[in-house]
Amino acid sequence: MSAATHTTVDAEPVGTVPLSAALRAGTRQEHTEAERSSFVERLVAGELDVAAYTDLAAQQHAVYTALEAAGARLRAAGADGGLVFDELERVPAIKADLAALLGDGWRAQVRVLPATTAYATRLQAVGDDLVLYAAHAYTRYLGDLSGGQVLQRMIARHYGLTAGLSFYDFPQIHRLKPFKDVYRERLDALPLTPAQQAGVVAEAQLAFRLNRAMFTDLGAVHVR
Ligand code: HEM
């Protein structure tokens, strides 16, 4: 991908298309690469094991703890642009999954990989910056509401899991598609300048790369 695509979408400058469309187009390549990460491919193909999925859940615990702390700060300040939804909150589900997979003493049995620490550090730097928060929240939550649903089915099937997959359940969201449409409308309504919108797209590209680095670390540990 050329440097120019970081600020343009199909030759149209960011700002002349809705932010949600700029995000989708601007991260299409990164999405393909994340989807093709060896760890993700092997996980959904049934080539790994429950321990690999559990390790992914542990990394996601660190990531969502930082992401949702940023969201809570922004919402408390009345500055979340309507992007923080209780229905999306993932930390309680991840904790329940880790307890189901490892027992109540799960905290002593998990560790955070270096790329996950780097990702969480970036999330901690979001501070009260809506541009950065929007990018990271888009990358994770719209992914969980989309491909995450495929991942859940494949992981349950291949590894015979009947518990530990509630991360992918959104019990308060009855129909995912209309919810995603509302989320995109919120993104499109954010009061951002064209330069700030370009900043959201650039940060989302970084968010995808941080996810890929996490999958690389996971792939190096889980080499069945
Ligand atoms: C096996 C892995 C994956 C599969 C099968 C997958 C599949 C999909 C599919 C089918 C969609 C389109 C849904 C729609 O149009 O409503 C989608 C959207 C999305 N995915 Fe993934 N995905 C995977 C991995 C990931 C990863 C690792 C991330 C980022 C961490 C991610 C982030 C996203 C985002 C942000 C969207 C929304 C795109 C948009 O409409 O703007 N996905 N995914």
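The values are calculated or read from the model by the stated rules, or taken from the named source; none is laboratory data. Predicted model only: the values in this text are computed from it and were never measured. Cβ placement follows ideal geometry from the backbone for every residue including glycine, while neighbour counts extend to all protein chains displayed. Ligands, DNA and RNA are excluded from the accessible area calculation, which covers all protein heavy atoms including side chains. Shrake-Rupley method; radii C 1.70, N 1.55, O 1.52, S 1.80 Å.
Set side by side, the residues Thr32, Thr54 differ, and just one is of a type in the set (Val, Ile, Thr) and within 16 Å of the ligand (Cβ to nearest atom), which is Thr32. Within region 185-202, the set of residues being β-branched (Val, Ile, Thr) and either away from the ligand (no atom under 16 Å from the Cβ) or open to solvent by 40 Å² or more (accessible area, probe 1.4 Å) (or both) comprises Thr193 only. Pairs meeting the criteria (first residue in region 172-188 and at positive phi and without any contact (Cβ under 8 Å) to a residue 24 or more places away in the chain, second residue more than 11 Å from the ligand (Cβ to nearest atom) and of a type in the set (Gly, Ala, Ser), beta carbons under 8 Å, at least 6 apart or on different chains) are lacking. Gln149 meets all of the listed conditions (1) modelled with pLDDT under 95; (2) closer than 26 Å to Ala198 by Cα; (3) within 16 Å of the chain's Cα centre (by Cα) but one, namely (2). In region 31-50, the residues that are closer than 13 Å to Thr216 by Cβ and in a helix (DSSP H, G or I) form Cβ pairs under 6 Å with partners that are of a type outside the set (A, V, I, L, M, F, W, C) and near the ligand (Cβ under 10 Å from one of its atoms), at six or more places apart or across chains, as follows: Ala34/Asn211; Ala34/Arg212. Among the criteria (1) under 27 Å from Arg184 (Cα atoms); (2) open to solvent by 10 Å² or more (accessible area, probe 1.4 Å); (3) within 16 Å of the ligand (Cβ to nearest atom); (4) in a loop (DSSP other than H, G, I, E, B), the one Leu83 does not fulfil is (2). Considering every residue within region 125-133, establish whether at least one is within 13 Å of the ligand (Cβ to nearest atom) and modelled with pLDDT of 95 or more. Looking through region 125-133, none of the residues is within 13 Å of the ligand (Cβ to nearest atom) and modelled with pLDDT of 95 or more.
The numbered conditions (1) within 13 Å of the ligand (Cβ to nearest atom); (2) more than 12 Å from the chain's Cα centre (by Cα); (3) at pLDDT 95 or above; (4) surrounded by 13 or more Cβ atoms within 10 Å (Cβ to Cβ) are all true for Pro178 except (4). Taken together, the residues in region 203-224 that are without any contact (Cβ under 8 Å) to a residue 12 or more places away in the chain and either within 11 Å of the ligand (Cβ to nearest atom) or closer than 19 Å to Arg28 by Cα (or both) amount to 0. Within region 145-169, the set of residues being over 18 Å from Ala45 (Cβ atoms), outside any loop (DSSP other than H, G, I, E, B) and within 15 Å of the ligand (Cβ to nearest atom) comprises just one member, Phe167. Output yes when any residue across region 116-134 is among the hydrophobic types (A, V, I, L, M, F, W, C), farther than 15 Å from Ala57 by Cα, open to solvent by 30 Å² or more (accessible area, probe 1.4 Å) and outside any helix (DSSP H, G or I), and no when none is. Yes, some residue in region 116-134 is among the hydrophobic types (A, V, I, L, M, F, W, C), farther than 15 Å from Ala57 by Cα, open to solvent by 30 Å² or more (accessible area, probe 1.4 Å) and outside any helix (DSSP H, G or I).
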